[in-house]
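The structure appears right after this line, and notes come after that.
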């Protein structure tokens, strides 16, 4: 399969350096980067946020932000150096020579123009509209896997789901048959099963058209599965590149090794599973800490003119959590998993069913008992940027629960805050800082410290690690695991990412459309999934069959 | 779209009723007798007083008074002024003048505001942008009547480019200077709003995607940045019609324009409360209808609204 | 052989199934960067150097470097000092008017000349500062307290309170500030007791809905933040979470709009005085002086220019201050949040 004569590369990045000028001085986003893309080949650039992976790719299509520029090196496209090409030259190249599929399907289509218009103008700009542009647009949308393309072309972006919008963006990116397609995290905003479908489709289309793809992703498993070649970037530099499977199975650079060992999608396959702490407790003999029975939440959706529609977000859900164990509730967006978390936290009223915590009914608690309950059950939320009050110093943030519950005096509270910071491996000096000075992972550790302040028995983690980079995610998961061992905590872990579940959970509930479709121990779910839906979810974890 | 329109109309009816009720309440139900104001403080006989009270329905309970007022407003029966003229006839003569003035002012602020705003936004941080920003701040800071006097004095009296005051005919040409003065403050707001909106859209993801499709710079600006940036500007222009009506009182006074503002101001000065209430009622109707039109325009520009 | 197996059209060999990974037909070198050039760094290390900065401290740091802010702050301070101690800035008595000085141009000791009544223009401008500033400051205070409180309640609790306040706001929006103020100032109760306070109350009546609307928007945004949810889960009551978390986080846009509006209210006061329905004639104010000056515009334009200049510079300072604060508090310029 390997040809000996190497043809000319389509894209060649040579000693590329990109610098952004900021008020605090120049920032070197990319340095000494070298890699090539051969015609028809898929090359993945893998790295964490801030590694320079997107910046390198955007430079190749002349779309660096206004304050960024190529400071040295070359970008050779088909032999022509376009590192400093004029805007006019880039207008010629974009669309029909180099196409792009952007990251976020929600913000990348202009909300005020119909989808068909946005496809058609791409064709027109590149002189490919032909005699019957309408038909051509429909054909292009159909090729991207959109059913009813004629009708769809007449609709606006807000009438499309996320997956459909991404298909429309792929249609636009490939409409003019470019030789190189830059796909910037094309599916990271989508559910795994949708991600799989879309990437499969993209694969089929690009191989039919012979388009080379420069795929930018943070997921090494996905990169290895979809690309022939993987380029690993770290802090603006290329640390390793080579054949995808070789990189995955035989990583050389310590950073690549670290990335592979931390990626949940890969470790899940390796069977790095969570070891149960309380195996001596046999279910049935011990009363569970949390018992959820026939829990249902129905929303009234107003449809204008007094018309109402009922929407069942959570449908007759039952599960139990034993003390000191972790139960994960897994589902895609809209499955109702976060609604369960909010009802357990008593932030949302349930419509029907029971939530029993330590033998006590939650939901009709008196003000006083609710206050006591709050002390025993604490949340950690998803968005590390939103879960800490930007006005509060870290000290005030962690001290707040102690103050609310009137625990200790000023001196003892300060001591406690220091202890808590130590528990989450943050230096004590952090307490004078403010959330805006910390990274996402650090904020999440502060949120954990706050949750621990009242020595709760149960912590509800609502997508607590979903917004974090893989290495940071692994670090936070490890911290949660350690804390559970030390303090015998019970976790209700809400997540969309089945891969993470294996690292943390003892028991798993898989949810779809408000219902639990399957529940069991983590081993049962991963090794012998019973429902079709769970099998699909597991199969969609990228990199599934590679290790 | 139709259900959106009906919904907006349903929302505007209480606004109309509320605003007229507010004015009517303020004028007729607060301490101090409006009849005393009518007489200009001169003593009057009880017979005259009760005759006047009957004429303006003041002898009836408040809600009946208000109901009659609304009915008269809708049927355009606005009563007579002290000088014995039909208020509707006075308004009929003054209204076209003010309409011309307001249309000119809206045109000036809309056209120049958007043009300057777009250029400033596209060249953020360059000299044009800085100049426009400073100029707009100054225009907002200087009161309209000072601007009016200065422009009238410089352009009308010193340079004699235009006549400093407006004749009874109030032609489009004569109204240009007053319209400029009337629209200037709003023009400054439109420039700033357009500029902010353009800067925001310029860095929007969909604009980058449009560029990546191979579209020319001009097309990206006109099709993707401009239309999206106009949405908040249109909303502002609709709401601004209200402040134009307020501003017309000042501007028409300075340039002696025989419009509604002038009429209203004279009625206020003479203490002709019923005339004031009648004119304000008509203005509220105009404002509400104009806002309805803006809503439709808004829905036309932004498809997301139609389904909200 | 599985059905969905594809074949390479060139060599007829099966292409391995997508999900099994791809092997290139080209030879790919395996490159590893030298470790000394790309050293590993600690994952997510905590910055321990530098002074901790709250959001306000950070805003302040960027503010004090802005020329726009420095100029406007200095001007506003100057205006406040003039309003508080006018006698320090003018040795002339503004109420001493001699008709023989009528419309005299400026001379030593009377740099701006005299008005129609023969009063010293400079002294009147200096002493007129207080009324304008009082109107601006107190109207803003009332509007912020009333509009802010109503807007915060509407935004935080939603439901019927919100619906009622939204309609009420719409009603007031249908009556423009100047028009509404003219009507109120003509009411017997107001007309017969004209003072600085009637002007303040009138402007506040028509000014609060705008601030209520802005506060409502800011509160709704803060209300839905996770940190408010978190504080509720910690056991904080709904009302306390409003006071401790939601309001402090909604202050930025309110401060900006209030600062700009302070200037706008000063202009509105002058406009009302110009129309003869604002401050009573015996109160010395820029608006009254401009109003008086309009009759002499053609013979003595400087009589109008001086108070107008002072008024405009004061208003400009407040608007510029608002602009500078907006830039410093811009959420997009801040990290995160």
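Report, in degrees rounded to the nearest 10, the 0 to 90 angle that the Cα long axis of helix C:196-223 makes with the longest principal axis of chain C.
For C:196-223 against chain C, the angle is about 0 degrees.
Ignoring everything except DSSP H segments at least 4 long, calculate the 222 nm mean residue ellipticity for chain C; use -39,500 (n - 2.57) per segment, divide by total residues, nearest 500.
Calculated from helices alone, the mean residue ellipticity at 222 nm is -19500 deg cm²/dmol.
How long are the three semi-axes of the equivalent ellipsoid for the range A:384-455, computed from the Cα gyration tensor as the root of 5 times each eigenvalue, in whole Å, largest first?
Values for the range A:384-455, descending: 18, 12, 11 Å.
By counting other Cβ atoms within 10 Å of each Cβ, how are C:317, A:318 ranked from fewest to most?
Sorted ascending by nearby Cβ count, the order is A:318, C:317.
Looking only at the range A:62-78, which residues have a backbone nitrogen under 15 Å from a spot 7 Å from the Cα of residue A:84 in the C-beta direction?
A:69-76
Work out the mean other chain Cβ neighbour count within 10 Å for the residues of C:46-52 and drop it here as an integer.
Average neighbour count from other chains, rounded to a whole number: 6.
Sketch the reach of a paramagnetic label on residue A:523 as a point 7 Å from Cα along Cα-to-Cβ, and name the residues of the range A:464-495 whose backbone nitrogen lies under 11 Å away.
Flagged as within label range: none.
Please give the FRET efficiency for residue A:312 paired with residue B:2, using the beta carbon to beta carbon distance and R0 = 30 Å, rounded to the nearest 0.05.
Details: r = 31 Å, r/R0 = 1.02.
The calculated FRET efficiency here is 0.45.
Taking the Cβ of each residue in A:491, C:227, B:189 as the centre, tally the other Cβ atoms inside 10 Å and list the residues starting with the fewest. Present the calculation step by step, with values, prior to reporting the outcome.
Details: A:491 24, C:227 28, B:189 20.
So the residues, fewest neighbours to most, are B:189, A:491, C:227.
Give me the percent of Cα-Cα pairs in chain B that sit more than 28 Å apart, rounded to a whole number. Kindly include the intermediate steps, with their values, before the conclusion.
Numbers: 24522 of 47278 pairs.
The proportion of pairs with Cα distances above 28 Å equals 52 percent.
Using Cα springs under 10 Å in a Gaussian network model of chain C, which residue among C:152, C:84, C:324 shows the largest mean-square fluctuation?
Comparing C:152, C:84, C:324 in a Gaussian network model of chain C, the most mobile one is C:84.
Quote to one decimal, in nm, the extra length available between residue C:295 and residue C:42 on full extension: 0.36 nm per residue of separation minus the C-alpha distance between them. Working shown, then result.
Working: separation 253, 0.36 × 253 = 91.08 nm, distance 7.65 nm.
Between residue C:295 and residue C:42, full extension yields an extra 83.4 nm.
Modelling each spin label as a point 7 Å along the Cα-to-Cβ direction, I'd like the residue B:300/residue A:351 distance in nm, to one decimal.
Taking the simple label geometry, residue B:300 and residue A:351 are separated by 4.2 nm.
Short version: what are the Cα gyration tensor semi-axes of chain C, square root of 5 times each eigenvalue, largest first, in whole Å?
Working: eigenvalues 743, 152, 86 Å².
Value: 61, 28, 21 Å, ordered largest first.
What angle, in degrees between 0 and 90 and rounded to the nearest 10, separates the Cα long axis of helix B:127-141 from the longest principal axis of the Cα atoms of chain B?
10
Per residue of C:265-275, what is the mean number of Cβ atoms on other protein chains within 10 angstrom of that residue's Cβ?
Per residue, the average neighbour count from other chains is 4.
Return the FRET efficiency for the residue pair residue A:106, residue B:226: r is the Cβ-Cβ distance, R0 is 25 Å, and the value is rounded to the nearest 0.05.
0.70
Once the Cα atoms of helix C:159-173 and of chain C are each reduced to a long axis, what angle between those two axes, in degrees from 0 to 90 to the nearest 10, is obtained?
50
Full extension from residue A:117 to residue A:396: what is 0.36 nm times the residue separation minus their Cα-Cα distance, to one decimal in nm?
Value of the extension gain: 95.2 nm.
Quick one: compute the contact order of chain A, relative version, from alpha carbon pairs under 8 angstrom and 6+ residues apart, as a percent.
15
Grab the beta carbon distance between residue C:141 and residue A:300, set R0 = 56 Å, and tell me the FRET efficiency rounded to 0.05.
Between residue C:141 and residue A:300 the formula returns 0.85.
How high is the relative contact order of chain C, in percent, with contacts defined as C-alpha pairs under 8 Å that are six or more residues apart?
Details: 406 pairs, mean separation 67.1, N = 337.
Normalised by residue count, the contact order of chain C is 20 percent.
Run the simple label-point estimate for residue C:117 and residue A:250 please: 7 Å along Cα→C-beta, distance reported in nm.
According to this spin-label approximation, the distance is 10.0 nm.
Where does chain B land at 222 nm, in deg cm²/dmol rounded to the nearest 500, when only DSSP H runs of n ≥ 4 count, each adding -39500 (n - 2.57), divided by all residues?
-24500 deg cm²/dmol
Just want to confirm a number: the relative contact order over the range A:105-177, from Cα pairs under 8 angstrom separated by 6+ residues, in percent. Display every interim value, and only then the final one.
Numbers: 84 pairs, mean separation 33.9, N = 73.
About 46 percent, as a whole number.
So what's the projected area for the range B:128-268, the Cα convex hull averaged over all directions, in nm²? Intermediate values should be presented prior to the final figure.
On the way: hull surface 42.2 nm².
The number I arrive at for the range B:128-268 is 10.5 nm².
Using the Cα atoms as the points, what is the convex hull volume per residue of the range A:105-177 in Å³? If you can, show how the numbers build up before the last one.
Working: hull volume 5.4 nm³, N = 73.
So the per-residue hull volume is 74 Å³.
Before rounding to the nearest 500, sum -39500 (n - 2.57) across all DSSP H runs of length at least 4 in chain A and divide by the residue total; then give [θ] at 222 nm in deg cm²/dmol. The partial results should precede the final answer.
Numbers: 20 runs with 197 residues, N = 547.
Taken over chain A, the calculation gives -10500 deg cm²/dmol.
Would you mind giving the mean number of other chain beta-carbons within 10 Å of the Cβ of each residue in B:133-143, as a whole number?
Per residue, the average neighbour count from other chains is 6.
Which peptide among A:416-427, A:218-229, B:257-268, A:391-402 comes first, and what is the full order, when sorted by highest mean count of other Cβ atoms within 10 Å?
Top of the packing list down: A:218-229, B:257-268, A:391-402, A:416-427.
What is the distance, in nm, between label points placed 7 Å from the Cα along the Cα-to-Cβ direction at residue B:50 and at residue A:131?
Between residue B:50 and residue A:131, the simple spin-label model gives 9.2 nm.
Arrange B:282, A:344 by Cβ neighbour counts within 10 Å, fewest through most, would you?
B:282, A:344
No lab work stands behind these numbers, since they all come straight from the coordinates. Remember, predicted model here, so these are calculated numbers, not experimental data. All Cβ positions, glycine included, derive from the backbone under ideal geometry; neighbour counts span all protein chains shown.
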